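The structure appears below as structure tokens.
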Amino acid sequence: MFSKETYIKRRAELKKLVGNGVIVLFGNNEAPANYPANSYAPMRQDSSFLYYFGQHRDGLVGVIDIDNDEEWLFGDDIDVEDIVWMGYTPSVADLAAEVGITKTAPMSGLRPVCSRATATNRPIHFLPPYRHDTKIQIMDLLGIHPGEQKEKASLPLIKAIVKMRSTKEPQEIEAIERACEVGYAMHTTAQLLIRPGITERFIGGQVDGVARSLAQGVSFATIFSQHGEIMHGNPSDAKLEAGRLALCDAGCELDDYCSDNTRTMPVTGKFDQRQREIYSIVEACHDYVLDVAKPGVKYADVHFAVCRLMTERLKELGLMKGDTDEAVAAGAHAMFLPHGLGHMMGMDVHDMEGLGQIYVGFDEETRPNLEQFGTNCLRMGRRLEEGFVVTDEPGIYFIPHLIDLWRKEGHCKEFLNFDRLETYKDFGGIRIEDDLLITKDGCRFLGKQRIPYHPEELEAFMETNRE
């Protein structure tokens with residue numbers, strides 16, 4: 001939690017941006033895993049509720065009445081029976097006071113507030129809900145069916161929150177830096193353990209254990225797999241094999257902020273020639289972002305600059321051919337990079353994605369291209385601003401089913417060497433990812449320690465620490 005003044009200032013700015021009406025921000029409740037008393041732990045609070053109200057307790061709703069300049073925290077105090085099992089929790093009034101709010105009421109008091117606003121035709125602003133219990137609560141309070149709630153969520157509130165949360169405060173950047181330090185420990189743990197015969201699941205579990213030991217836990221389900229060509233390859237019981245590559249995409253949550261990094265390592269600790277050739281292209285693309293990302297530049301333009309560099313280098317290996325600009329315009333590079341260069345990152349690992357990617361990663365000037373394969377997965381395209389935190393995560397993947405499909409259809413055949421691609425079907429995939437802060441004049445990676453990724457550095461780290 002930040003200072004009381006932080007939350008007071010944030011709510012005041014939110015009121016100015018939204019303008020009028022009643023803002024209702026729902027906190028999260030505990031979610032049962034398989035029966036009511038066995039809930040997922042620890043509970044994850046809603047990020048926007050945290051941003052403006054700061055409290056982690058379940059069963060809370062924050063209300064900002066803009067027209068009457070009132071702020072409320074609604075929630076029921078816990079009783080002795082709860083205290084026996086869960087320990088003492090401060091009263092709702094005490095929690096409210098910690099973030100500069102003087103008005104509180106039991107949850108039953110929320111309905112009259114909403115009813116009065118509705119009766120006087122004042123807008124009630126809420127965000128698109130993503131949990132079913134919140135959808136039911138909205139239906140009970142406002143009479144809006146869950147199937148209609150996403151489209152009836154408040155666009156002024158969405159845009160105001162995106163505007164505020166996109167630009168990270170210095171204290172937020174410091175929190176992300178701390179999360180990146182845990183991310184370093186997570187990934188170097190994997191690098192020290194990788195060797196033939198160990199299962200993917202074992203290393204994934206060790207990585208998760210670091211996050212649970214040094215932070216609140218993982219910021220998303222850890223990806224660890226020898227099948228790096230599968231974007232979200234969860235750890236399996238498969239044993240690591242000599243000659244393969246292992247991809248680890250993992251991050252933590254610490255002090256409510258996330259880290260998100262990816263590294264790809266040779267199982268034996270040494271790249272073979274073919275692996276090194278492809279890896280060096282991804283490395284170059286990853287580092288090239290440092291040269292071109294800065295305030296005022298569209299991240300979509302950074303993405304396509306990386307795609308052109310990747311295409312040029314793949315042409316040198318005989319995997320692509322033809323004019324580079326024409327190949328990228330046709331989407332031929334998506335054979336190898338079927339996702340975007342990165343996404344916003346902060347309190348959520350895909351920051352604010354639940355508010356609608358068209359508002360988070362795009363704006364009135366920069367619109368998504370939903371028609372072209374690969375480009376339709378670009379999550380961040382808008383102009384960069386100082387204080388934005390985005391991921392830089394280029395990759396090259398050889399997906400057998402995609403190779404077969406495009407060859408059968410003749411898709412982009414003037415730019416792809418399908419005979420050569422056939423020989424890479426057993427390759428897997430490579431991704432390198434770091435968290436990028438947009439600064440006044442350019443950008444920098446977050447985290448005091450850089451997880452080894454340059455080939456010589458990575459091989460030396462893995463070799464030295466195996467002895």
Checklist outcome for this item: Regression test value, accessible area per residue of the chain, probe 1.4 Å, units Å², expected 43
Checklist entry - Gain in length, Glu5 to Met107, computed as 0.36 nm per residue apart minus the alpha-carbon separation, to one decimal in nm? => result 34.2 nm
Checklist entry - Magnitude of the Cβ-charge dipole of segment 267-353, K/R +1 and D/E -1, about the Cα centre, nearest 20 debye? => result 260
Item to check | Label point at Lys270 placed 7 Å out along Cα→Cβ; residues across segment 212-252 whose backbone nitrogen lies under 15 Å | outcome: 242-244
Checklist outcome for this item: Stretched fully, the stretch from Tyr35 through Asp67 gains (0.36 nm per residue minus C-alpha distance, one decimal, in nm) 7.3 nm
Checklist entry - Which value results when the Cα radius of gyration for segment 376-467 is divided by 2.2 N^0.38 Å? => result 1.51
Checklist entry - Within the chain, what percent of beta bridges assigned by DSSP are antiparallel, to the nearest 5? => result 90
Checklist outcome for this item: FRET efficiency for Glu457 and Cys377 from the Cβ-Cβ distance with R0 = 35 Å, rounded to 0.05, comes out at 0.70
Item to check | Per-q log10 I(q)/I(0), segment 279-427, q = 0.10, 0.11, 0.15, 0.18 Å⁻¹ (Debye; single scatterer per alpha-carbon; no solvent) | outcome: -0.35, -0.43, -0.77, -1.05
Next on the checklist: Can you compute the FRET efficiency between Glu174 and Asn121 using 1/(1 + (r/R0)^6), with r the Cβ-Cβ distance and R0 = 51 Å? Round to the nearest 0.05.
Outcome noted: 0.70
Item to check | segment 34-147 - percent relative contact order, Cα under 8 Å, separation 6 or more | outcome: 17
Checklist entry - If one computes the Cα centroid of segment 1-42 and of segment 352-425, what distance in Å separates the two points? => result 33
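Compute the whole-percent fraction of alpha carbon pairs in segment 171-250 spaced more than 21 Å apart.
Taking all Cα-Cα pairs of segment 171-250, the fraction more than 21 Å apart is 27 percent.
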Item to check | Positive-end residue, the chain charge dipole about Cα centroid, Cβ charges, pick of Leu142, Leu436, Leu405 | outcome: Leu405
Next on the checklist: So if each residue of separation counts as 0.36 nm, and I subtract the Cα-Cα distance between Ala284 and Ala221, what length gain in nm does that give?
Outcome noted: 19.9 nm
Next on the checklist: Run the reach check for Lys448 against lysines, Cα to Cα strictly under 21 Å, same-chain hits fewer than 8 apart removed. What comes back?
Outcome noted: Lys168, Lys294, Lys440
Checklist entry - Which value in Å does the Kirkwood hydrodynamic radius of segment 60-136 take, with 1/r averaged over all unlike C-alpha pairs and then inverted? => result 14.1
Checklist entry - So what is Rg over Rh here for segment 227-302, counting just Cα atoms and using Kirkwood for Rh? => result 1.05
Checklist entry - If you take the Cα atoms of segment 60-99, find Rg, then find the Kirkwood Rh from the mean of 1/r over all pairs, what is Rg/Rh? => result 1.12
Next on the checklist: Given the -39500 (n - 2.57) contribution per DSSP H run of 4+ residues, what per-residue ellipticity at 222 nm results for the chain, rounded to the nearest 500 deg cm²/dmol?
Outcome noted: -12500 deg cm²/dmol
Item to check | With 5 Å bins from 0: P(r) over segment 1-65, alpha-carbon pairs, percent | outcome: 4, 17, 23, 21, 14, 9, 6, 5, 1
Checklist entry - Could you state the number of Å between the C-alpha centres of segment 52-80 and segment 101-155? => result 13
Checklist entry - Per residue, what volume in Å³ does the Cα convex hull of segment 1-155 take up? => result 116
Checklist entry - Using the Cα atoms as the points, what is the convex hull volume per residue of the chain in Å³? => result 162
Next on the checklist: So the label point goes 7 Å from the Cα of Glu241 along Cα→C-beta, right? Which residues of segment 191-225 then have their backbone N under 16 Å from it?
Outcome noted: 195-201, 225
Next on the checklist: How much of the DSSP bridge set in segment 39-109 is antiparallel, in percent, rounded to the nearest 5?
Outcome noted: 65
Item to check | Partner lysines for Lys152 [C-alpha distance under 18 Å; skip if fewer than 8 residues away on the same chain] | outcome: Lys135
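The values are calculated or read from the model by the stated rules, or taken from the named source; none is laboratory data. Quick caveat, the model's predicted, so the values are computed rather than measured. Cβ: placed from backbone, ideal geometry, glycine included. Neighbour counts: every protein chain shown. Note: accessible area is taken over every heavy atom of the protein model, side chains too, but ligands, DNA and RNA are not part of it. Shrake-Rupley method; radii C 1.70, N 1.55, O 1.52, S 1.80 Å.
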